[in-house]
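Bear in mind that the values in this text are calculations on the coordinates, not laboratory data. What you see is a predicted model; the values in this text were computed from it and never measured. For neighbour counting, all protein chains shown are included, and Cβ atoms are generated from backbone atoms with ideal geometry for every residue, glycine included.
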Amino acid sequence: MTAVTRSSSASTSPQGLTFPTGFRWGAATAAYQIEGSTTVDGRGPSIWDTFVTQPGAIAGGHTGEQACDHFRRYPDDVRLMAELGLPCYRFSIAWPRVQPDGRTTSSAGLAFYDRLVDQLLDHGIEPIATLYHWDLPQALEDAGGWPARDTALRFADYAQTVHQVLGDRVVDWTTVNEPFCSAYFGYGTGIHAPGIRDEAAALRAAHHLLLAHGLGTRALRAAASGDLRVGIVFNFGSILIARDEPEYREAARKVDGLQNRLFLDPVLGAGYPQDVLDDIAHLEALEPAIRSDDLDVIAAPIDQIGINFYGPSRYAPTGDPGERGTCDMPGVRGVDTLPPQGPLTGFGWEQDSDSLTDLLLAVSERTDLPLVVAENGAAFADEVSGDRVHDAERTRYLAEHIRAVHRALQRGADVRGYLVWSLMDNFEWAMGFTQRFGIVHVDFATQRRRIKDSGLMFSEVARSNMLPASVASPDDGYRRRPLVDPDRWGLIALG
Ligand code: GCO
């Protein structure tokens, strides 16, 4: 393990909010969302290549066949990052490029990431590699997918294969991105690939994704002879309930259990939370999937935890339908989702940077592991005016959330970096190209890139390691929200 030491602390001055020396700024992307060239050099199909062909699965019938054409344009995209002065770049590796059938290695496929890493290093940009960002080889899905244990074993082999080629230059590795989404959206609600609706399969998938993380971590450690930093990236839920009453607490406990503790606790070595196992026992899915040393494997020592944050969610015990939705996490009954409160992003998500501070502090209270904000950003309907994109709402959103990270640092959270989602507009999964998250605008007809105002602001922050007071005032009136049950539930607050 590489020890990372904090060399200075966050401070405030009339000029702005200064971050600790060595704080890591950068942008994030994922392979299927940007690469295109989905059949080039022997790349095999992934579950997303299959899913996008299902009628009605993706807004506008869009696909990732071309996406941002990054596979061919990566030298220009890396130059753009250098122009923005970004010190780090988090990208994902497409498993079906490296192992088109999920087993046999394609050296042509691996060569793309070899070139990309060299290009990044030539421009002084540190690569942060994610091994799994949702694009399972279709052949492995055909053999059972994540609900099948063998997929986790395949992942360990894939992790080792990638490390053999990139491990001499890439120090920072993420095993799995957001196992919650892969498991519950892919196999529970079916809104993501492979589009299966089966609560029991979703829970087995969650276990095997965590097992893959543990086996992958061990494989990376076994393969590495030099510096190595391994982590996993979670999308924890910031859960808001309106009342401190037993039924509200119970609704929040269930959601927190399935979205947060089911994933965090075993990775931290505490096993699966018993109350969650009790909640889902009737599905007879998770416990039967656990073999004797699985929990030890899942608890393999890691060096950091990545946290993706977009906005909080509101829940209540089941009540009058009105504008409510039903919480559809596997095995959850009796919980409603409530509408977000304004101002909303273009995607309709609630904007609340206080929740990010709360979340970072709550996770810090449960682990000493360093944290990295591995994704944060917002979609808005951008308008191009000539060479410019004046995305004032995104600029404000990012500034507020960067300020939220600074607040968490000042209150003692060990946050080592902030990566914006995303470098450029891209294929937003079920929403196709209808939601733009980039700090760089992409014209998908011409593939022209234009740096947005938010990109200019972020570039300034990354270069100076400071959020200028002109962008976000330090005095923001933040008060940590009361936690409903701090002994047990970290991520729930009254809101
Ligand atoms: C995620 C996803 C990204 C999304 C982003 C916006 O990890 O949730 O990693 O791929 O595009 O979150 O929805």
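Just a few scattered comments:
- Taken one residue at a time, the phi angles of segment 212-220 give Karplus couplings (6.51, -1.76, 1.60, θ = phi - 60°) of 4, 4, x, 5, x, 4, 4, 5, 5 Hz. Gly and Pro are set to x.
- With neighbours defined as other Cβ atoms within 10 Å of a residue's Cβ, the residues 51, 444 order from fewest to most as 444, 51.
- Other-chain or far-sequence residues with amide H under 5 Å of residue 24's (modelled H): 417, 418
- Look at the dipole of the chain built from charges on Cβ: of 62, 195, 377, the Cα furthest out on the positive end belongs to 377.
- With an a/c value of 1.5 or above and a/b not larger than b/c for the gyration tensor axes a ≥ b ≥ c computed over the alpha-carbon atoms, segment 236-289 is described as oblate.
- Considering all different alpha carbon pairs of segment 246-335, the Kirkwood hydrodynamic radius works out to 14.8 Å.
- Built amide H within the under 5 Å cut-off of residue 318, gap 5+: 335, 336
- Each residue of segment 44-59 was assigned a 3J(HN,Hα) from its phi angle through the Karplus expression (A = 6.51, B = -1.76, C = 1.60, θ = phi - 60°), giving x, x, 9, 4, 6, 4, 6, 4, 5, 8, 6, x, x, 6, 10, 3 Hz with x at Gly and Pro.
- Counted by neighbouring Cβ atoms within 10 Å, the residues 107, 37, 464, 92 run from fewest to most as 107, 464, 37, 92.
- Along segment 88-102 the Karplus relation, 6.51 cos²θ - 1.76 cosθ + 1.60 evaluated at θ = phi - 60°, assigns HN-Hα couplings of 9, 9, 9, 10, 10, 9, 7, 3, x, 7, 7, 9, x, 9, x Hz to successive residues, with x for each Gly and Pro.
- Classification of segment 129-253 by its C-alpha gyration tensor yields an oblate form. The axis ratio a/c (a ≥ b ≥ c) is 1.5 or more, and b/c is at least a/b.
- q = 0.12 Å⁻¹: log10 I(q)/I(0) that the Debye formula gives for segment 11-494, counting C-alpha atoms only: -1.08
- Beta bridges per DSSP with both ends in the chain, % antiparallel, nearest 5: 35
- Listed from fewest to most Cβ neighbours within 10 Å, the set 79, 366 follows the order 79, 366.
- Amide H partners (placed H, <5 Å) of residue 414, local residues excluded: 371
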